[in-house]
Amino acid sequence: MWEMFQKGGYLMYPIAFCSVLALGIFLERLWTYTRVRREVRDLAHRVEPLAAKGRLDEATAVCHQSDTPMANIFLSALRAAGRAREQVKAVVEETGRREAAPLQRFLPLLATIATIAPLMGLLGTVLGMIRAFNVIATQGMGTPATLGGGISEALITTASGMTVAIPVILAHRYLSGRLDHLAMEMEEYSLRLVDLLGE
């Protein structure tokens, strides 16, 4: 494997770096979304009964003890309690948009990795073919042994770039789906609280 990596040329290093970075982002986001979803559910199950009973001070205290995005959304709703439902909903939606933004962290970078990995592989292909044609230009037709290095580099970098890009695309799609599901769940809990607080 190491010999194949070396034969791929210097572009194998940024491709390998992209693969490690993408794996780190995937694991970090997966852990973050799982943790946030669990905390959102826990917070909603604690705040909703208090809000339903009109114990808004206690519900506010519970929100202050949490550091989840949902806590800030609930706090904005609790501060707007007593207003018209549409006003409370507008406040919650504005806060929700602001709090949801950090959850998208690193996803654009993951999409960028999925885009540039095959391009780096393609660049390796071009450089490898240039090397092969330079051999032909200086030595005539050359031999399989002399041409093999450039062609091998071209094929290995292309395969490596695609090997990185395909799972990264799938990982990005999966994380985007998890984020959409989490956002819908947060919106559902928020609207339930709005219904309890709005007049």
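Quick note: the coordinates plus some simple rules give every number you see, no bench work behind them. Model, not experiment: these values are computed from the prediction. For neighbour counting, all protein chains shown are included, and Cβ atoms are generated from backbone atoms with ideal geometry for every residue, glycine included.
Structure notes:
- The angle between the Cα long axis of helix 69-79 and the longest principal axis of the Cα atoms of the chain comes to about 30 degrees, rounded to the nearest 10.
- Percent RCO, i.e. relative contact order, over the range 2-197, from Cα pairs under 8 Å lying at least 6 residues apart: 33 percent
- Here the Karplus curve 6.51 cos²θ - 1.76 cosθ + 1.60, taken at θ = phi - 60°, turns the phi angles of the range 86-103 into couplings of 5, 5, 4, 5, 4, 5, 5, 5, 5, 5, x, 4, 5, 6, 6, 4, x, 5 Hz, with x standing for Gly and Pro.
- Within the range 2-197: Cβ-based charge dipole about Cα centre, in debye rounded to nearest 20 (Lys, Arg +1; Asp, Glu -1): 40 debye
- Two-site label geometry, Thr115 and Glu187: point separation in nm, points 7 Å out along Cα→Cβ: 2.6 nm
- When its C-alpha radius of gyration is set against 2.2 N^0.38 Å (N residues), the chain gives a value of 1.60.
- Nitroxide proxy distance, nm - points 7 Å out along Cα→Cβ at Asp67 and Thr34: 2.0 nm
- Stretch gain in nm, segment Leu27-Arg105, where the contour uses 0.36 nm per residue and the Cα spacing is subtracted: 26.8 nm
- Cα-based helix-to-principal-axis angle, 144-197 vs the chain, degrees rounded to 10: 10 degrees
- Taking 0.36 nm per residue of separation and subtracting the Cα-Cα distance, full extension of the segment from Arg79 to Ser176 would add 31.8 nm.
- Converting phi to 3J(HN,Hα) with the Karplus coefficients 6.51, -1.76 and 1.60 and the offset θ = phi - 60°, the range 15-27 yields 5, 5, 4, 4, 5, 5, 4, 5, 5, x, 4, 4, 5 Hz in sequence order, with x at every glycine or proline.
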